[in-house]
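Okay, structure first, notes after.
Any read-out appearing in this document is the output of simple, stated calculations on the displayed coordinates, not a laboratory observation. Computed from a predicted model, the values in this text were never measured in an experiment. Cβ: placed from backbone, ideal geometry, glycine included. Neighbour counts: every protein chain shown.
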Amino acid sequence: MESQLIGQDFFVGNEYSISAIALYAYTYVPEGVKFNLNSYPNIRNWLSNLEDQKGYKPIKAEIL
């Protein structure tokens, strides 16, 4: 994922698409999970781009 996102904001055609929605839930890492995204700036940027989309609803920690 990190290398696919080099130089682009999204995975497909550099546009927000269903692929972003599908991959978000598998990539989103809430606090408390022992996985650190600090070494993955492109993924962090991609997550931020998704969270900036109109209608974005955050994943609630209590359902994870």
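Summary table
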{"item": "Alpha carbon convex hull of the chain, volume per residue in cubic angstrom", "result": "89"}
{"item": "Positive-pole candidate from 3, 45, 28, dipole of the chain, charges at beta carbon", "result": "28"}
{"item": "Qualifying aspartates and glutamates (Cα of each under 19 Å from Cα of residue 34; at least 8 residues distant if same chain)", "result": "2, 62"}
{"item": "Protection proxy ranking of 36-42, 10-16, 53-59 - average other beta-carbon atoms within 10 Å, highest first", "result": "10-16, 36-42, 53-59"}
